[in-house]
Amino acid sequence: MQSGQAVSVSGRKWYKPVICIDTNASGEKRSIKTYRYQQGPLGQYFRLLASHEYRMLTQVQGVAFTPQRVKREAACSNTISYGYVDGVPIKEQFRKGDIPDGFFFRLYQAVSELHDKGIAHMDVGNSGNILVSPDGKPMLIDFGSSVALKWLPSITRAWARKRDLLGVLKLWRRYDDETMPEVLRQYYERYYRKNIYTPKRFFKACKRYWLSDGEEMSELGAIVGVFFVLWFLTTIV
């Protein structure tokens, strides 16, 4: 890839990748995502993350609302690139007061389609990962946390789908509450839990399990399953 004028749009924190927009020799505009560290244990970890996101993106090629033409940069193993995704983050669109009609209905359908393709995004509730395209359609980016559903135990597979859809409802309620159907609002209020696979919530789930004589096994099982899956994904070569 020949470099045009690259513009850094993220990467202030040490663990965040640097994302640049570049134009190659054929005039194609591409996003280049690079993890900073290349040496030592951190370098190995970030290479695994880049490799994992690349594999997830290859499984959604041809899906209109995801990054396309993904490539693994041969000269830099902690870098991936894909065709530039034109869009405005949903948070910025909200500040403009211009959420497109039916946007969240389409986003809900898009995430369901992603699940049909065998992928759970796992970070839909992060508003920075949802873009509004120039024609008002949802675009989904950043597949670094995604997992292939076929590798998950059945209980965790159902939980991953549920987490994605609750992420949609979280943003729907925040940015376009008036259009949210009451049945979905009630579902969100009943089931939404923030970051339930963090270590803090993991230990809370364990505590609830022991205090309830096993009645909380469903939630604990889901969280344990996710922990083992995330551990597996970051240790395989």
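The values are calculated or read from the model by the stated rules, or taken from the named source; none is laboratory data. Not measured: the values here are computed from a predicted model. No Cβ is skipped: glycine too gets one built from the backbone with ideal geometry, and neighbour counts run over all protein chains shown.
Here is how the numbers come out for the structure above:
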item: Segment 32-51 - residue that is at pLDDT below 90 and polar (S, T, N, Q) and, of those, nearest to the chain's Cα centre (by Cα); result: Q44
item: Residue satisfying all of: in segment 158-174; surrounded by fewer than 21 Cβ atoms within 10 Å (Cβ to Cβ) and of a type in the set (K, R); nearest to R185 (Cα to Cα) among these; result: R173
item: Positions within segment 103-145 being among the hydroxyl-bearing types (S, T, Y) and either touching a residue at least 60 places away in the same chain (Cβ under 8 Å) or more than 20 Å from V18 (Cα to Cα) (or both), in sequence order; result: Y108, S112, S133
item: Filtered residues of segment 159-178 (kept if more than 21 Å from V88 (Cα to Cα) and without any contact (Cβ under 8 Å) to a residue 24 or more places away in the chain); result: E178
item: Some residue of segment 73-83 being in a loop (DSSP other than H, G, I, E, B), crowded, with 17+ Cβ neighbours inside 10 Å and within 18 Å of the chain's Cα centre (by Cα); result: no
item: Those residues of segment 146-155 which are more than 18 Å from P17 (Cα to Cα) and part of a loop (DSSP other than H, G, I, E, B), in sequence order; result: L152, P153
item: Odd one out for V111 among (1) outside the structural domain of W172 (by TED's automatic domain parsing); (2) within 24 Å of P153 (Cα to Cα); (3) at pLDDT 95 or above; result: (1)
